[in-house]
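Q: Before I ask anything, let me first share the structure, which is written out below as structure tokens.
The values are calculated or read from the model by the stated rules, or taken from the named source; none is laboratory data. For clarity, every value in this text was computed on a predicted model and none was experimentally measured. Note: ideal-geometry Cβ built from the backbone for every residue, glycine included; neighbour counts use all protein chains shown. Areas reflect the complete protein model, heavy atoms only, side chains present, ligands, DNA and RNA absent. Shrake-Rupley method; radii C 1.70, N 1.55, O 1.52, S 1.80 Å.
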Amino acid sequence: MADPTKPVRPEGTVQRRGKPTLRTIADITGLAVTTVSRALADAPQISLETRQRVRQVALDIGYSPDRAAQRLKTGRTNVIAVLLAPHEEILGYGTSVMAGIARALQGTAYHLIVMPNFLDAANIDAVNYVIRNGMADGLIFSRTEPLDPRVKLLSETGFPFVTHGRTELATAHPFVDYDNFTFTYEATRRLIAKGRRKPALISGPADFTFSGHILHGFMTAVRETGCAYEILSDIDLDSPAGAIRDRIRRRQTEKDPPDGFTCGGEVCALATITGMSDCGLRLGLEYDIVAKQTSPLLGAIQPQVDTIYEDLTETGAHMGRILLHRIGGSTDIGELQLLLDPELRFKMPAEVPGDGAV
């Protein structure tokens with residue numbers, strides 16, 4: 001009589017001890033080991049139904065490939081490396097982008113490793129470390145510079161990569177970027193449409209490409225309308241929140257202060273609101289802000305702030321997919337570059353003087 005306390009294995013399965021192998025999956029499915037291997041590699045010669053069945057069995061029994069053996073056989077690590085720099089101005093940057101990349105890699109053989117890329121370290125050192133030690137099959141990084149040495153090195157060596165941000169290099173390379181020109185242009189026009197006589201810009205650090213796009217969008221908007229403007233050049237989006245608050249507060253004690261602010265991040269916006277509040281000024285009455293939104297926080301704390309949305313999780317997913325295309329050998333630049341449109345989240349219509357509604 002069968003012992004009811006013992007688990008019952010599905011008919012046709014084989015009991016094996018130790019770490020599950022390809023042979024374990026083959027015994028359970030009744031397939032050849034070579035078929036199992038090809039199915040796990042997502043080979044198109046194997047039917048989709050068989051690939052899905054093999055992957056499900058592998059998941060059920062806790063199979064994981066011997067990465068050392070795979071590397072000897074294929075020369076690949078099945079690893080994607082992400083150089084993650086701190087982004088104080090963008091709330092939840094790391095977790096959102098990583099979630100998106102992980103989503104893109106789901107169902108593939110690839111795993112993620114995250115390497116911190118501190119602001120006081122040379123960016124090129126981390127890239128050299130990945131290449132020299134063969135740590136990954138592809139690389140993702142952000143905060144690109146106009147003539148980024150990392151992009152030059154990776155392009156010259158043929159190492160697959162994708163950047164979050166563009167460069168000004170003549171050689172085209174894979175990237176996913178947010179249209180910061182349009183963000184700042186629309187944000188500044190919104191301030192003018194709400195009757196602000198002197199919008200001000202808190203831009204990104206001058207070393208990075210996106211800072212130029214932000215500045216260009218701002219200047220295009222103010223020049224089109226001919227209004228007064230101000231660029232707060234002694235602070236930027238990398239400045240500590242306290243420094244932004246203090247600078248805004250101090251500026252309000254000086255002559256002809258601005259009454260509108262274009263902020264490229266939620267931390268910057270909240271620090272600006274605090275500085276203005278310290279001076280007794282009320283949001284939506286004496287001044288307005290338009291900010292880039294990447295999390296639910298700003299909308300929950302200051303719902304009256306007009307925002308323009310950047311979906312960082314979707315950005316990460318796009319970067320993951322593009323890098324997989326590049327690792328797979330794609331050289332179609334149209335498939336490897338993507339510029340994401342800002343999503344305007346304005347509360348009510350307003351009109352720029354002499355223009356239509358925005």
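Q: Go through SER142, PHE183, LEU154 and say which Cα lies farthest out towards the positive end of the charge dipole of the chain; charges sit on Cβ, +1 for Lys and Arg, -1 for Asp and Glu.
A: It is LEU154.
Q: Would you pull out the residues with amide H under 5 Å of GLY260's amide H, same chain only if 5 or more places away, H placed 1.01 Å from N?
A: LYS198, ALA200, ASP288
Q: To the nearest 500 deg cm²/dmol, what mean residue ellipticity at 222 nm is calculated for the chain from DSSP H runs of n ≥ 4 alone, each contributing -39,500 (n - 2.57), summed and divided by the residues?
A: Here the helix-only value at 222 nm equals -12500 deg cm²/dmol.
Q: If eta is 1.567 mPa s and T is 4 °C, what Stokes-Einstein diffusion coefficient results for segment 181-268, Kirkwood Rh from Cα pairs, in µm²/s? Don't jump to the answer; show the numbers that get you there.
A: Details: Rh = 13.0 Å.
Once the numbers are plugged in, D ends up at 100 µm²/s.
Q: Quick one: check the C-alpha center-to-center distance for segment 298-347 versus segment 220-247, whole angstrom.
A: Comparing the Cα centres of segment 298-347 and segment 220-247, I get a distance of 24 Å.
Q: Could you tell me which label, among [x] 25.8, 94; [y] 20.8, 78; [z] 21.1, 70, carries the value of Rg and Dmax of the Cα atoms in Å calculated for this structure?
A: It is the value labelled [x].
Q: Pull the list of the chain cysteines that no other Cys approaches to under 4.7 Å, Cβ to Cβ.
A: CYS227, CYS279
Q: Restricting to lysines 8 or more places apart or on different chains, can you count the pairs in the chain with Cα atoms under 27 Å from each other?
A: Pairs that pass both the separation and distance tests number 9.
Q: Moving on. Compute the distance in nm between two label points, each set 7 Å from the Cα along the Cα-to-Cβ direction, one at GLU49 and one at ASP125.
A: The answer from the label model is 5.7 nm.
Q: Please give the charge dipole size of the chain, origin at the Cα centre, charges +1 on K and R Cβ atoms and -1 on D and E Cβ atoms. Round to the nearest 20 debye. Walk me through the numbers before you get to the answer.
A: Working: 39 positive and 43 negative charges, 291 e Å.
Rounded to the nearest 20 debye, it is 1400 debye.
Q: Students sometimes get this wrong: rank ASP332, ASP341, ASP259, ASP238 by accessible area, probe 1.4 Å, all chains present, largest first. Mind dumping the intermediate values first?
A: Values: ASP332 90, ASP341 125, ASP259 20, ASP238 50 Å².
In descending accessible area the options line up as ASP341, ASP332, ASP238, ASP259.
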